[in-house]
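These notes concern the structure reproduced below.
Coordinate-derived values only; no laboratory data. Source: prediction; values computed, not measured. Cβ: placed from backbone, ideal geometry, glycine included. Neighbour counts: every protein chain shown.
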């Protein structure tokens, strides 16, 4: 897998979930401590050198343990290394230092997911939904967030959750698949109203209970991998996506 492509993808995903403007308080803190080292770590992170970036951020934290920016970026670098426990360690530290930061909470979701801490992951998902509804402008303007990064064989998968179904086909989740030497591709979880009406007529009891019909499809709409009914449970959907990727 091409590391710069992988990290660039993560940066784009975070940008999609969080407005591009950085938190001014955190930037001021960075400038007042050791901006060159933090900047070096960020440059390494953006160029796909996650291990080097992590070492840079840890150096900053050794000199300034209360640097929230370095803690946040260290968690991101640990995620790029698929080191869930270390990502949790730094993301939780960032939360202690800056508990209201939207970016910290988005990192915590992915960190808990990487560490297999589903209860904590779902608590943070609920916290993000609350921040999206009532929080600061960056949280309210976001359409979704990076829920998890995981590997299936040689592929790296970025799972995006949306707060509200997106677009005319009502996309609930999007899985972006990166493989070496191939363009990125997507598997979307959709429940469009056209199919839903006929499904609800055929399954009135389930529809009354709030269930829907869903499709796992590629983003171009040229392939439907499978269909299912019920509620959009992430873990069940993730297992389906893994099966689809393993079958190919």
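Can you figure out the FRET efficiency of residue 52 with residue 129, using R₀ = 41 Å and their beta-carbon distance, to the nearest 0.05?
With R0 = 41 Å, the Cβ-Cβ based efficiency is 0.70.
Do you know the relative contact order of segment 82-199, to the nearest whole percent, from alpha carbon pairs under 8 angstrom that are 6+ apart?
After rounding, I find 16 percent.
How big is the C-alpha Rg of segment 69-164 next to the rule-of-thumb value 2.2 N^0.38 Å, as a ratio?
1.01
What's the exposure ranking of 166, 149, going from fewest to most Cβ atoms within 10 Å? Don't skip to the end; give the middle numbers.
Values: 166 17, 149 24.
With the fewest neighbours first, 166, 149 line up as 166, 149.
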